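Please read the structure below before turning to the comments.
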Amino acid sequence: MNLHFYKYQGTGNDFVIIDNRDGKVALTEEQVNHICHRRFGIGADGLMLLNSKPGYDFEMKYYNADGRESTMCGNGGRCLVKFAYHRGIHRNLFKFIAVDGEHEATIQDNGWVNLKMTDVNKIEQYYDAFILNTGSPHYVVAVDDIKETPVFEEGKKIRYSEKFGKQGINVNFVEPKDWQISVRTYERGVEDETYSCGTGVTASALVFAHNDNGFNRVEVETLGGHLAVEFNKNGDNHFDNIWLCGPADFVFEGELTVDEAGKD
Ligand SMILES: N[C@H](CCC[C@H](N)C(=O)O)C(=O)O
């Protein structure tokens with residue numbers, strides 16, 4: 001099967017994207033895993049299909065690098081909006097459907113893509129950490145020195161621990177710094193640290209909100225660059241009008257042949 005693919009990245013969280021509006025592409029778990037492989041494939045944290053969907057500008061289908069269809073990807077959603085624009089879908093306000101429901105998005109004059117995330121009405125405290133779902137499940141814990149934190153080793157331990165078992169969880173280490181936070185994330189389904197994780201950055205910003213009530217904007221530093229999260233906080237653990245804001249850029253495109261076995 002011949003595929004024309006596009007590579008995009010949002011603060012270093014990178015994705016293979018395929019325009020599947022004609023509905024002809026169906027990939028197996030093994031094929032997605034092979035395409036995302038950093039040595040034997042194109043290499044990516046995940047793969048997305050841009051599908052058609054009546055009533056929406058498009059439908060987002062997201063697969064982690066392990067090949068399995070996953071929950072919401074914030075950076076992926078932002079990259080897919082930029083891709084849709086490049087493919088001729090021009091909107092002041094984009095409206096698409098993803099695994100966690102409807103999303104709106106805008107493309108800013110500086111090229112940033114702002115993505116509206118699902119509301120959050122529950123944050124569970126778990127020992128010194130916080131558990132919440134921003135479209136994907138997240139574990140958020142504060143650390144003293146983000147640079148010295150063994151993200152892979154510690155993140156993997158938590159992700160595979162008894163508590164989170166088969167479902168897994170994304171693990172975010174956060175160093176609060178004045179009016180911003182630094183975040184590093186071990187991502188489920190990539191099974192490694194990624195340069196940034198959009199739903200993880202969103203979860204971290206909600207946990208470390210500055211203002212108790214009303215509008216908040218949290219600046220976030222990640223290995224892959226700068227993001228911002230804006231939201232309304234309405235008392236304890238109620239957040240809405242949540243927007244994940246940041247860059248989303250085209251990298252390259254090409255042709256790919258995958259056979260049934262997922263090999264080139
Ligand atoms: N690995 C995540 C999905 C992608 C999340 C991340 N890439 C983002 O930008 O939100 C999970 O399996 O829950």
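Where both partners of a DSSP beta bridge lie in the chain, what percent of those bridges are antiparallel, to the nearest 5? Taking every DSSP beta bridge with both residues in the chain, the antiparallel ones total about 80 percent. The stretch 70-109 and the stretch 186-203 have their alpha-carbon centroids 19 Å apart. Scanning residues 5 or more positions from residue 193 or on other chains, those with amide H under 5 Å from its amide H are 187, with H placed 1.01 Å from N in the peptide plane.
Both radii come from the Cα set of the stretch 111-264: Rg as radius of gyration, Rh as Kirkwood radius; their ratio Rg/Rh reads 1.01. Note: the chain, Cα convex hull, 125 Å³ per residue. Relative contact order for the stretch 124-246: 18 percent, from Cα pairs under 8 Å spaced at least 6 residues apart, divided by residue count.
Of the solvent-accessible surface of the stretch 116-164, computed with a 1.4 Å probe and all protein chains present, 48% belongs to carbon and sulfur.
Considering only the other residues whose Cβ falls under 14 Å of the Cβ of residue 236, what net charge follows from Lys and Arg at +1 and Asp and Glu at -1? For residues surrounding residue 236, the net value is -1. Averaged per residue, the chain has 45 square angstrom of accessible surface, using a 1.4 angstrom probe with ligands and nucleic acids left out. How much net charge surrounds residue 98 when only other residues with a Cβ under 14 Å from its Cβ are counted (Lys, Arg +1; Asp, Glu -1)? Combined, the nearby Lys, Arg, Asp and Glu give -1.
What's the carbon and sulfur percent of the stretch 199-264's accessible surface, probe 1.4 angstrom, rounded to a whole number? Carbon with sulfur: 48 percent of the solvent-accessible area. Highest GNM mean-square fluctuation among 46, 225, 74, for the chain modelled with Cα contacts below 10 Å: 225. Seen from residue 52, the other residues with C-beta closer than 13 Å to its C-beta sum to a net charge of +1, counting Lys and Arg as +1 and Asp and Glu as -1.
The values are calculated or read from the model by the stated rules, or taken from the named source; none is laboratory data. Source: prediction; values computed, not measured. Note: ideal-geometry Cβ built from the backbone for every residue, glycine included; neighbour counts use all protein chains shown. Only protein heavy atoms, including side chains, enter the accessible area calculation; ligands, DNA and RNA are left aside. Shrake-Rupley method; radii C 1.70, N 1.55, O 1.52, S 1.80 Å.
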